[in-house]
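We did not get these values from a lab; they are worked out from the coordinates using the rules stated. The structure displayed is predicted, hence computed values, not measured ones. When we count neighbours, we look across all protein chains shown, and the Cβ atoms used for this are built from the backbone with ideal geometry, even at glycine.
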Amino acid sequence: MTQTLRQLEILNIAERDGKVTVDALAQYFDVTLQTIRRDLTELAETGKLMRVHGGAVLPSGSRNIAYDERRVLNRDAKAEIAKHCAAAVPHGACIFLNIGTTTEAIARELLHHKGLLVVTNNMNVAQIMASNASSDVIVTGGILRASDGGLIGALTIESIRQFKLDLAIMGCSAIDEDGDILDYDSLEVGVSRAILTQSRRAFLVADHSKLNRAAPIRVGNLADFDQVFTDRDFPSDMARKCDLWNTPIFVTGAAPDAKEAPEEAP
């Protein structure tokens, strides 16, 4: 693993756990303590972490990882999630893809689908889906968030309310131990809630790094979704809750336990 990728993964662990220690990171990456100390010093110098005795913590409050960094983190896992999720999307459906690097990966997997109507508040998704000549793309209005190409705000919500969607495919910033879906931006949360309201079905796509991360604003709950696609088994307590909520969990690499999607949207 290169130094850059290792530092990105260190940030990911810090976001998930709230802190990192030199000893644990050295063991995790199988490198020397000196290497980890150097990584933490460099991350602290750029303001991404704050050094403390024996490790480092987030500098202040909860922050999301920069979008370009998130594109690199867990890229292979996101690609596998995208492949399986796209396979469950019926041809001819009206779908929503929200902001996120995993939904971008799903858009790439949907390039050979026929007759889709794709509504999105993700400019990156719109650009990807524009290559699918047999499908139509509608971009919501809203405030353009330059950091990730997302459209958010009241105009975005009003645009979404014009549709009755067959399926929403949504990423998230975090999932806590209660199964609550969390985010960092209140404007984006309002958009996410509108997407769920206007959708007949909803898929959540989330790699393992989203489990038990800290984000301050609640979007909804795993119970609000008809299917979850992830790359590792959920903790046993959370998996039991999903069973009670009738929310199937598809783990990439495992045998599917959910019904296949129909060939055509109803």
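Positive contributions from Lys and Arg (+1) and negative ones from Asp and Glu (-1), summed over other residues with Cβ under 12 Å from the Cβ of T21, come out at +1. Most tightly packed first, judged by the mean number of other beta-carbon atoms within 10 Å of their residues, the peptides 24-33, 120-129 read 120-129, 24-33. Across the range 225-240, coupling constants 3J(HN,Hα) worked out from phi with the 6.51/-1.76/1.60 Karplus curve, θ = phi - 60°, read 10, 8, 6, 10, 10, 8, 10, 9, 4, 5, x, 4, 5, 5, 4, 5 Hz, and Gly and Pro carry x. In this structure, the amide hydrogen of R201, modeled 1.01 Å from its nitrogen in the peptide plane, lies closer than 5 angstrom to those of L167, A168, counting only residues at least 5 positions away or on a different chain.
What net charge is computed for the residues neighbouring L222, neighbours being all others with C-beta under 13 Å from the C-beta of L222, Lys and Arg scored +1, Asp and Glu -1?
-4
Backbone geometry of the range 101-113 corresponds, through the Karplus equation with coefficients 6.51, -1.76 and 1.60 at θ = phi - 60°, to 3J(HN,Hα) couplings of 6, 6, 5, 4, 4, 5, 4, 5, 6, 8, 5, 9, 6 Hz, x marking Gly and Pro. Compute the acute angle (0 to 90°) between the alpha-carbon long axis of helix 3-17 and the principal axis of greatest extent of the alpha-carbon atoms of the chain; round to the nearest 10°. Helix 3-17 sits at roughly 80 degrees to that axis. The angle between the Cα long axis of helix 186-197 and the longest principal axis of the Cα atoms of the chain comes to about 40 degrees, rounded to the nearest 10.
Multiplying each eigenvalue of the alpha-carbon gyration tensor of the range 3-61 by 5 and taking the square root yields semi-axes of 16, 11, 11 Å, largest first, rounded to whole angstroms. Rounded to whole numbers, the Karplus 3J(HN,Hα) couplings from phi for the range 134-144 are 8, 10, 10, 10, 10, 9, 5, x, x, 7, 7 Hz, using 6.51 cos²θ - 1.76 cosθ + 1.60 with θ = phi - 60°, and x at Gly and Pro.
Give me the percent of DSSP beta bridges within the chain that run antiparallel, rounded to the nearest 5.
Details: 16 of 40 bridges.
For the chain, the DSSP antiparallel bridge percentage is about 40.
Where q = 0.16 Å⁻¹, what log10 of I(q)/I(0) comes from the Debye formula for the chain, counting one point per Cα? Log10 of I(q)/I(0), two decimals: -1.22. Panel order for K241, K78, K210, K19, by other beta carbons found within 10 Å of each beta carbon, from fewest to most: K19, K241, K210, K78.
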